[in-house]
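One structure below.
Bear in mind these aren't lab numbers, they're just calculated from the coordinates by the rules spelled out. Quick caveat: nothing in here was measured; it's all calculated off a predicted structure. Because the Cβ atoms are built from the backbone with ideal geometry, glycine has one as well, and the counts that use them run over all protein chains shown.
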Amino acid sequence: MEEAKKRFLMIKARHKETYEQALNQGKVDIQMQKLCSFVAETKKYYTSSCCSGRIVLLEKKSDKKIDSYFHRKWHRTITKKELLEGFNEKVEGDLWFKVDSFILHIGTDSIENAQKIIMTMKEAGVKRGGIILAEKGKVILEIIGTDSMSFPVKKKGKKMFENKYLEKILGEANKILERNYTRLEKLENKFEKNLE
């Protein structure tokens, strides 16, 4: 067996083991489990990381990523009560309300296999994605949904909006997240048809 093929099989086995451990520990988003479990069982692909999409209250103490903290995080639609509890709590920095779309990293061993992923992604109506690493025997793709929202709700701990405004926005945020999950399901169905 050639060296690149051996290397790919080792990487795939390692990622499958890591994924199964995360799954057993309840660390894989429910909406991603079927898709990632399917990819893990294919011969030519593996997942290296994933997130199904989420609603977030993110505290930023500076513009650096290292100074940002999840004040609240939900991988599902949420209630007004949940949002307002997080919003009304004291924070030191700026607080952002965000809806993040799904993100998925898939590994394979050739450009040809990567192109199959890109074609499948487009068939599913997912517009953002492509190859982020290409080495002999190791190609990594990143696939990202486009359903998102992001804006500041507190500046230096001071509210920029009243609760009622946030309540209105929440309805839209939940719709965006639901749309994101529908797109993810479509991607999963196309993967099951096109990948082996």
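Matching residues to (1) surrounded by fewer than 18 Cβ atoms within 10 Å (Cβ to Cβ); (2) more than 19 Å from the chain's Cα centre (by Cα):
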{"site": "K6", "(1), (2)": "yes, yes"}
{"site": "A13", "(1), (2)": "yes, yes"}
{"site": "K16", "(1), (2)": "yes, no"}
{"site": "Q31", "(1), (2)": "no, no"}
{"site": "L35", "(1), (2)": "no, no"}
{"site": "T42", "(1), (2)": "yes, yes"}
{"site": "Y46", "(1), (2)": "no, no"}
{"site": "S49", "(1), (2)": "yes, no"}
{"site": "I55", "(1), (2)": "no, no"}
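Among K43, K6, K12, K90, which is touching a residue at least 60 places away in the same chain (Cβ under 8 Å) and either closer than 18 Å to N180 by Cα or in a helix (DSSP H, G or I) (or both)?
Details: K43 fails: either closer than 18 Å to N180 by Cα or in a helix (DSSP H, G or I) (or both); K6 fails: touching a residue at least 60 places away in the same chain (Cβ under 8 Å); K90 fails: either closer than 18 Å to N180 by Cα or in a helix (DSSP H, G or I) (or both).
Residue meeting the stated conditions: K12.
Within the range 78-91, is even one residue closer than 19 Å to Y46 by Cα and of a type in the set (F, W, Y)? Walk me through how you get there before you give the answer.
Pass one, the range 78-91, residues closer than 19 Å to Y46 by Cα: none.
No, the range 78-91 contains no residue that is closer than 19 Å to Y46 by Cα and of a type in the set (F, W, Y).
The residue pairs whose first member lies in the range 136-151 and is among the aromatic types (F, W, Y), whose second member is assigned to a strand (DSSP E or B), and whose beta carbons are closer than 9 Å, counting only pairs six or more residues apart or on different chains, are F151/W96; F151/F97; F151/K98.
For residues that are among the aliphatic types (A, V, I, L, M) and surrounded by 15 or more Cβ atoms within 10 Å (Cβ to Cβ), scanning just the range 141-171, find the one that is nearest to the chain's Cα centre (by Cα). If we take residues in the range 141-171 being among the aliphatic types (A, V, I, L, M) and surrounded by 15 or more Cβ atoms within 10 Å (Cβ to Cβ), then I144 is nearest to the chain's Cα centre (by Cα).
Of the residues making up the range 124-158, those that are among the charged types (D, E, K, R) and outside any strand (DSSP E or B) are K127, K136, D147, K156.
Residue under question is S101, and the condition is that it be within 18 Å of the chain's Cα centre (by Cα) and either among the basic types (K, R) or surrounded by 16 or more Cβ atoms within 10 Å (Cβ to Cβ) (or both); does it hold? It would help to see each step written out before you state the result.
Numbers: within 18 Å of the chain's Cα centre (by Cα): yes; either among the basic types (K, R) or surrounded by 16 or more Cβ atoms within 10 Å (Cβ to Cβ) (or both): yes.
The answer is yes for S101.
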